[in-house]
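Below is one structure, written out as structure tokens; comments come after it.
The values are calculated or read from the model by the stated rules, or taken from the named source; none is laboratory data. Bear in mind the structure is a predicted one, so any value in this text is a computation, not a measurement. Cβ coordinates were reconstructed from backbone atoms using ideal geometry, including for glycine residues, and neighbour counts include every protein chain displayed. Quick note on the areas: whole protein, heavy atoms, side chains included, nothing else; ligands and nucleic acids left out. Shrake-Rupley method; radii C 1.70, N 1.55, O 1.52, S 1.80 Å.
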Amino acid sequence: MNQTRGLDVENIFNQSKKDEVTTELWNQSGKAWKYLLDELNKGSDSEKVLVAVGNPAVHIAMMGHCLKLSKERMGSFHLDSGSISIVDFPDGPTGVGIIRCINYTAHLGRWSIPITRSTVDDEEF
């Protein structure tokens with residue numbers, strides 16, 4: 001178990017300008033993404049599993065890095081607190097990362113936040 005230093009994002013959210021927040025979050029998440037890839041490269045275990053715990057905004061930005069998107073696309077994703085996302089590297093950490101699951105919340109039980117709107121009393125969805 002490792003805790004990375006210098007990747008805290010709480011002070012980033014205190015900035016007043018949205019563009020500055022987005023840029024700094026993108027830069028910090030890029031460092032976190034590189035750190036995870038470096039960890040996957042260590043050793044010879046081809047079935048290595050890493051777990052990253054952090055703010056949903058950081059995970060969204062890391063998925064953007066995984067998919068090689070620009071920071072402007074971060075608004076395309078939504079993650080709930082406590083959700084699980086799974087990224088697979090079938091060709092190893094130097095290959096392309098594939099997002100297998102995003103925003104899984106069923107493990108939270110009745111406290112999970114629905115990711116789709118309710119169809120109760122709706123005639124159409």
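Summary of values
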quantity	calculated
Top-ranked residue of segment 12-50 - restricted to ones that are open to solvent by 100 Å² or more (accessible area, probe 1.4 Å) and assigned to a helix (DSSP H, G or I), ranked as modelled with the lowest pLDDT	18
Matching residues in segment 92-106 - criterion: being in a strand (DSSP E or B) and among the polar types (S, T, N, Q)	103
Pairs where the first residue, in segment 51-63, is touching a residue at least 24 places away in the same chain (Cβ under 8 Å) and over 19 Å from residue 89 (Cβ atoms) and the second is acidic (Asp, Glu) and open to solvent by less than 30 Å² (accessible area, probe 1.4 Å), C-beta under 8 Å, 6+ apart	56/80
Residue match in segment 72-91 (condition: modelled with pLDDT of 85 or more, part of a helix (DSSP H, G or I), open to solvent by less than 90 Å² (accessible area, probe 1.4 Å) and of a type outside the set (Ser, Thr, Tyr))	yes
